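Note sheet for the following structure.
The values are calculated or read from the model by the stated rules, or taken from the named source; none is laboratory data. Predicted model only: the values in this text are computed from it and were never measured. Virtual Cβ from ideal backbone geometry, glycine too; neighbours counted across all protein chains shown. When the accessible area is computed, the model is the full protein with side chains, heavy atoms only, and any ligands, DNA or RNA have been set aside. Shrake-Rupley method; radii C 1.70, N 1.55, O 1.52, S 1.80 Å.
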Amino acid sequence: MRVTVEGGRVVRIQGDPDHPTTQGVLCTKVSRYAERTYHDERVTYPMKRVGAKGRGEFVRVSWDEALADIAARLKQIAARDPQAVVPYSYAGTMGLVQGEAMAQRFFHKLGASLLDRTICSAAGGDAIAATYGAKVGMQTRFFAESQLVVIWGSNSIASNLHFWTLAQEAKRRGAKLIAIDPRRTETAEKCHQHIALLPGTDGALALGVMHELVAQQWLDHDYIERHVEGFERLQKRIAEWPPERAAEVCGISADEVRGLARDLGTTKPAAIRLNYGMQRVKGGGNATRLIALLPCLTGAWRQRAGGLLLSSSGWFKRYRNPSLERPDLLAGRRPRTINMSTIGGDLLHESSAAFGPKIEALIVYNSNPVAVAPESKKVVAGFARDDLFTVVLEHFMTDTADHADYVLPATTQLEHLDVHGTYGHTDIMWNEPAIAPIGEAKPNTQIFRELAARMGFADACFADDDETLARQAFDWAAIGTSFDALRERGWASLPIVDAPFADGGFATDSGKAQVDVCGLGVPEHVPNHESLLSSPELAARFPLAMISPPARHFLNSSFVNVKSLRSIEGEPLLEMHADDAAARSIDSGAMVRVFNERGEYRCRCEVSQRARPGVVNGLGVWWRKLGANGCNVNELTSQRLTDIGRAPTFYDCLVEVESCGAGR
Ligand SMILES: Nc1nc2c(c(=O)[nH]1)N[C@H]1C(S)=C(S)[C@@H](COP(=O)(O)OP(=O)(O)OC[C@H]3O[C@@H](n4cnc5c(=O)[nH]c(N)nc54)[C@H](O)[C@@H]3O)O[C@H]1N2
Ligand SMILES: Nc1nc2c(c(=O)[nH]1)N[C@H]1C(S)=C(S)[C@@H](COP(=O)(O)OP(=O)(O)OC[C@H]3O[C@@H](n4cnc5c(=O)[nH]c(N)nc54)[C@H](O)[C@@H]3O)O[C@H]1N2
Ligand SMILES: [Mo]
């Protein structure tokens, strides 16, 4: 990002034209980052709650008063059992400094519960790591040279714009683009082909494709022989999945299955941009493992523009300093782990031998769980507990902040220093502060430093300033650069070979891609928790599958309050196919009740070609308080977890819809 400052104020934000992936372009959200930063609803001083939880009634207090009281409360709770204190954080900022560096030092020293950060990518991430040994894959820039680009479970134009630029370049050079997505997204409509399968059926599709690859002899036997472990065991499973069977499960035609196999089996180079949309269902882990094996069976990895990319984060992990967050401060204690995806249920849990102590305090930073976590009814009931002490570090009065005892004003990326890895390209990014903090806002790091001091944590590491933390983040020499060079240039590329698995060399113990992973077995198609085939009784009452992918102009629940972006989105929407609407006498534009056993969500229904029959798209993630009945799509999602990675199943959710009458 290039930020132009005049008189101490940001006047312009643009993409860095010199950075190869950015190419001068920012997505619609981030290009409004100045509007967000100077928003007149920024939280600019510490606040203490005076009204009931959730009402959003607060008074201004000084930093001194807030920090002294928070430290006193945490000390009291920790004296009984520090595990009753739980940190809750995720993707608000993904910077290594303002993310976990100082925060985790604080919680490790305290002995607080650990947090399993599963809410986004754990199913697919663990599945890729099980197959390839690490969360690594193709380098994004080589997608531009591919002759086949399969965009699988991703709306790149909305959520991964810089990748879309590369896909378009490939298209100009003659590549075929295929989108695999239940929704006819902005991206799907610009691809040559769109395979609109039912949610949670990607594993079946992959198996059907494998069946055809075998039948047509499109396998690369030499590559399989040398670089895939356990292929024999997969063959039996593949035999069970002729394209007709896969097609029936996926709700598509057998020709679509065969055609995908032909494209993957006969095009070189062939690349798959797998993304996280397809793993938010019960079988997300198994499906990812199956798809990850496709380029191993066809030998697509032989070329640098062939293979697969889900995430590049594993490349960064190789060079990260594992002690940045100072796990040694646990000093032998082994606190229990809370899964962030089940925070609703966990907040309502009493103490027990299996669970450990009841959660008494929650410190939230970089996240808005009341809006983004599944099964809101439980989440809200948990956050509304009068005996829960909640501190929220935020820019805005989010749904979560409304439930806090204290809200502490945090700085934005324009105001603080940071260093970032990515999960797409493979450059480390430097974040230089551009302006002074707004109002009394402080960086997350500084808030945890001051809290540590008040708790009496005397370890020298609590005095590390942000620059020191950034220096500690990576092994610069191993990367082949220096911290100062990064700071000077703004980014530094990791040293990664062009075609990492051209001759095998996977990050597994054997160096081979793994079919049969210890403890997981041979991958298979795992049907949804909720679907016509797996839960027919439930489907009789709630016959529509609901997915809730992000609205194009929001970033999860961030930017929902940025007026220029919200006015483009308008209001919360449910997209529905014309046949499903006709069957329910729903007119386009009507207000509808979307419901299941977990709750009821009211929003506007748009009869839309973006929805396939049987599937409705509830675009997210709106702030609850802006919803017609004070909630968002997560009122309907469940806390059930995925097969691998203990991740949420946002897109595995049956609902029914009825009209509440026009215009309401
Ligand atoms: N504009 C915008 N950009 C974002 C974000 C955002 O909220 N808004 N979020 C950021 C974050 S945190 C993340 S994790 C990434 C996510 O980015 P991606 O992983 O690329 O996923 P999304 O673009 O969210 O798209 C998910 C897509 O998967 C489709 N889908 C849903 N269920 C299934 C299924 O069962 N199978 C298949 N094949 N497809 C399915 C949805 O219709 C949707 O189009 O994006 C990042 N970028
Ligand atoms: N139904 C449904 N639910 C979903 C998803 C979905 O597709 N459908 N997507 C899921 C995914 S992929 C993800 S990653 C999660 C994301 O969930 P979250 O990680 O909670 O992400 P956001 O909703 O963007 O909220 C981040 C919050 O952090 C704040 N913030 C930003 N920067 C800073 C900072 O430097 N300091 C502090 N203290 N605060 C900061 C922002 O103001 C914002 O309120 O949501 C998940 N929830
Ligand atoms: Mo995410």
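Summed over the residues of the chain and divided among them, the accessible surface reaches 36 Å² per residue at a probe radius of 1.4 Å. Its residues counted as N, segment 247-393 yields a C-alpha radius of gyration over 2.2 N^0.38 Å of 1.51.
With all projection directions averaged, the alpha carbon convex hull of segment 123-310 covers 9.1 nm². Taking the longest Cα principal axis of the chain as reference, the axis of helix 161-172 is set at about 20 degrees. By accessible area, using a 1.4 Å probe on protein heavy atoms only, segment 513-664 has 51% of its surface on carbon and sulfur. The equivalent ellipsoid of segment 547-663 has semi-axes of 21, 19, 13 Å, largest first, where each one is the square root of 5 times an eigenvalue of the Cα gyration tensor. Charges were assigned to the Cβ only: +1 to each Lys and Arg, -1 to each Asp and Glu. The resulting dipole of the chain about its Cα centre is roughly 320 debye.
Helix 284-298 and the long axis of the chain differ in direction by around 50°, with both axes built from C-alpha atoms.
Kirkwood Rh over alpha-carbon pairs of the chain, then Stokes-Einstein at 10 °C and 1.306 mPa s: what D in µm² s⁻¹, rounded to an integer? Approximately 62 µm²/s, per Stokes-Einstein. Rolling a 1.4 Å probe over the protein heavy atoms of segment 123-310, with every protein chain left in place, gives an accessible area that is 44 percent carbon and sulfur.
Straight distance only, please: which lysines reach the Cα of residue 442 with their own Cα at less than 20 Å, same-chain residues fewer than 8 apart left out? Residue 442 reaches 48.
Each residue was assigned an accessible area with a 1.4 Å probe, and for residue 145 the value is about 60 Å².
Stretching the chain fully between residue 253 and residue 507 yields a gain of 87.8 nm (0.36 nm per residue, less the alpha carbon separation). Counting only heavy atoms of the protein chains and using a 1.4 Å probe, residue 47 has close to 20 Å² of accessible surface.
By the Stokes-Einstein formula, at 1.306 mPa s and 10 °C, segment 447-597 with its Kirkwood radius over alpha-carbon pairs has D equal to 68 µm²/s.
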